[in-house]
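Asks: Got a structure for you, written out below as structure tokens; questions coming shortly.
The values are calculated or read from the model by the stated rules, or taken from the named source; none is laboratory data. Here the structure is a predicted model, which means the values were calculated and not measured. As a convention, Cβ positions derive from the backbone with ideal geometry for all residues, glycine included, and neighbour counts pool all protein chains shown.
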Amino acid sequence: MIKSASELWKEIAVPNNLKFEFKFVAGVPVIVAKDFFKFPDKVYDFFANGYWWDNHCNDNVRPGKSFLIHDEVVHWFITPFVQALSPVFGVKYFQSDCVFGNCFNGNMNITNPLSAFPHTDQPNGFIPDAHIALNIPLVHSEYPISTGFWSFNGKKTTLDMSHNDMRDMKKFQREVPKDVMTDNAKWFQIKDYGPWKLEGKSEMVYNEMTCYPTYFFHNPYVETDWFTNTDRVTISAFLNTSPKNLDFKQENLDDISYAWEHFHLDRLHDYHPKKTTVLM
């Protein structure tokens, strides 16, 4: 009998018993869990044997190729991440915008000039559609698999930006790429450029989950001569939180409150698990 992808995913995408490390990278809150999957090689094979699409086919800002998962089945794929992170944030479940595979290398062309520039994962403005971004590398590599965190005119997150700041950033994005690259150019790693400043990098290793708030400026940090003979393959997912979904034991209140503060969710939702008595 033919085994469905959802059945296979349920068998192989099993998280380990995880220990979470909370840290800051250049002021950006990050949560790390080593050895995320019990069967990471099988997870890699699952993605490697699937269908990958060039991102330029979808007018996507991301460079390289994507393993796209349709909205109707995303709930199957998000399960291991919900299982792992629900206790950390004290929620019953997360709503998810998407789960996808990322694949790119130093030889790829860039069809969208903005691919090389920092971004946030909230295309609709100040209020993010998703609150938590996570990445898990699926390859061993001689090169660092890194996320760069940036500031624009000293602002590290769109939560700290005024409407004038947002206007200036969008104006800069429209104008600057013409000065530094042409369409179908090879990938290059930008350095400090105009109002953009690299604040720090978070490096990941094979099968290590790293998650951070979506509203901090970031990009894949890949030097031009990296990954020329191999691919940089990761799983990415976006998760939404809500005070309405809270579900935790009272003895875990301190840990849950710290996670909300760590990710600025208390500020975003105007709600604090320890201090707010009425759900917003």
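Asks: Just to be sure I understand the filter: pairs with C-beta atoms under 6 Å, separated by 6 or more residues or on different chains, first member in region 87-108 and on the phi > 0 side of the Ramachandran plot, second member in a helix (DSSP H, G or I). Which pairs pass?
Replies: Gly90/Ile256
Asks: Something else now. Testing Asp71 on (1) out of contact with any Pro (no Cβ under 6 Å at 6 or more places or on another chain); (2) modelled with pLDDT of 80 or more; (3) of a type outside the set (A, V, I, L, M); (4) within 25 Å of Ala5 (Cα to Cα), one condition comes back false. Which one is that?
Replies: (2)
Asks: Confirm whether Asp179 is assigned to a loop (DSSP other than H, G, I, E, B), farther than 30 Å from Pro273 by Cα and at pLDDT below 85.
Replies: Values: assigned to a loop (DSSP other than H, G, I, E, B): no; farther than 30 Å from Pro273 by Cα: yes; at pLDDT below 85: yes.
Judged against the criteria, Asp179 is not a match.
Asks: Give the residues of region 220-230 that are surrounded by fewer than 17 Cβ atoms within 10 Å (Cβ to Cβ) and either charged (D, E, K, R) or in a strand (DSSP E or B) (or both), sorted by residue number.
Replies: Glu223, Asp225
Asks: Follow-up question, since we're still on this one. Suppose we filter Asn124, Asn109 for residues that are surrounded by fewer than 17 Cβ atoms within 10 Å (Cβ to Cβ), at pLDDT below 90 and under 26 Å from Phe46 (Cα atoms); which single one remains? Please lay out each step first, then the result.
Replies: Details: Asn124 fails: under 26 Å from Phe46 (Cα atoms).
Going through Asn124, Asn109 in turn, just one is surrounded by fewer than 17 Cβ atoms within 10 Å (Cβ to Cβ), at pLDDT below 90 and under 26 Å from Phe46 (Cα atoms): Asn109.
Asks: Residue under question is Lys42, and the condition is that it be touching a helix residue (DSSP H, G or I) at 6+ places or on another chain (Cβ under 6 Å) and among the basic types (Lys, Arg); does it hold?
Replies: Here the answer is yes, as Lys42 does meet what is asked.
Asks: Please work out if Thr210 is β-branched (Val, Ile, Thr), buried (at least 17 other Cβ atoms within 10 Å of the Cβ) and either modelled with pLDDT of 90 or more or not in a strand (DSSP E or B) (or both).
Replies: In short, yes.
Asks: Of the numbered conditions (1) outside any strand (DSSP E or B); (2) at pLDDT 85 or above, Phe172 satisfies every one except a single condition; which is it?
Replies: Evaluating Phe172 over (1) outside any strand (DSSP E or B); (2) at pLDDT 85 or above leaves (2) as the failure.
Asks: Kindly provide the set of residues from region 131-162 that are among the polar types (S, T, N, Q), at negative phi and part of a loop (DSSP other than H, G, I, E, B), ordered by number.
Replies: The answer is Ser141, Ser162.
Asks: Something else: I need the full set of residues from region 235-249 which are part of a strand (DSSP E or B) and surrounded by 22 or more Cβ atoms within 10 Å (Cβ to Cβ), in order please.
Replies: Matches in region 235-249: Ile235, Ala237, Phe238, Leu239.
Asks: How many residues does region 36-57 contain that are more than 13 Å from Pro80 (Cβ to Cβ) and in a loop (DSSP other than H, G, I, E, B)?
Replies: 4
Asks: Only one of (1) assigned to a strand (DSSP E or B); (2) in contact (Cβ under 8 Å) with a residue 60 or more places away in the chain is not met by Glu203, so which one is it?
Replies: The one condition Glu203 does not meet is (2).
Asks: Please specify each residue of region 216-242 satisfying the condition of being hydroxyl-bearing (Ser, Thr, Tyr) and either farther than 24 Å from Phe94 by Cα or modelled with pLDDT of 90 or more (or both). Before the answer, list the steps.
Replies: If we filter region 216-242 for residues that are hydroxyl-bearing (Ser, Thr, Tyr), which is where we start, we get 221, 224, 228, 230, 234, 236, 241-242.
If the condition is that a residue be hydroxyl-bearing (Ser, Thr, Tyr) and either farther than 24 Å from Phe94 by Cα or modelled with pLDDT of 90 or more (or both), then Tyr221, Thr224, Thr228, Thr230, Thr234, Ser236 are the ones that fit.
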